[in-house]
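Written below as structure tokens is the structure these notes are about.
Values quoted throughout were computed directly from the atomic coordinates according to the rules given, and no laboratory measurement underlies them. This is a predicted model, so every value here is computed, not measured. Every residue, glycine among them, receives a Cβ derived from its backbone with ideal geometry; neighbour counts consider all protein chains shown.
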Amino acid sequence: MPLQVSSTTRRGTRRQPAASRRAILRAALAAFARKGLAGARMDAIAAAAKVNKALLYYYFRDKEALYDAVLDDFFVRLLSRVTRALDGAGPAGERLLTYARAHFDCIAESLHYARLFQGELMSAGRGKSSHLTRVVDQYIWPISLRLVEVLQAGMASGEFRQVDARQFAPSIAGMIVHYFLVAPVARKLFSRDPFSQEALQQRRAAVLDFIAAALFADQSAGVKLAAEVASRAEAQPRVASQVAKTSTRRLRVQGKHK
């Protein structure tokens, strides 16, 4: 939902701390996703957020701190949502498919993060990332442990066929994330917006269907459950509303860089 700022109090003041901080994080996310940590400029971020640089530095002491906050803003939400799914009630199959849907939806609501994290991985490959270790330790490792535990529980109960859980878990994550990373290619191949509501709903259903078909001992039962989980009503609104905004922007950084 768009931020509601009163007509008497400007967002770029300390009187609206939540609104100002949220605007800064949104602008910073777009800038970091497009330019990377090294290329993004604090003055451009402040201009896009419609705050002055003094206020930006009041909330974030430097660009590194702002970058960390942008990463945390996504991964805190991701960890919370997928943990609820993996730790929920019900059999392992239900929990695993609910996790996959939650992970997919979380990225669909924050489309810049796939590009941002891809850049972080590339920087780490060149030995230039000082952030990846913290993200892995604080967020990805706990998720991975829970996911492996659910896979093992499903195999022990006979709901899943026997697989190497430590290989299957990253395969699930890859199925979810890959679509968002190659969206520019998909746009050219299929001549449609890969982030439209229809395209995202179709992709989400396809991801869950593929996971279920590959994993469930009773493949037909797994595929049926995947279709039910993918189409649940509570999964739709947040994806649709955010996609509409992001698709219109076409992932451009708001504001002009100086």
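Tabulated values for the structure
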quantity	calculated
Hits in the stretch 79-98 (condition: buried (at least 21 other Cβ atoms within 10 Å of the Cβ) and touching a Cys at 6+ places or on another chain (Cβ under 9 Å))	VAL82
Filter result (without any contact (Cβ under 8 Å) to a residue 12 or more places away in the chain and within 26 Å of ALA233 (Cα to Cα)) within the stretch 147-205	GLY174, HIS178, ARG192, GLU198, ALA199, GLN202
Those helices (runs of 4 or more DSSP H) lying entirely in the stretch 17-100 with at least 3 residues under 21 Å from the mean Cα position of the chain (by Cα)	17-39, 63-86
Condition check for LEU116: surrounded by 15 or more Cβ atoms within 10 Å (Cβ to Cβ) and closer than 28 Å to ALA31 by Cβ	yes
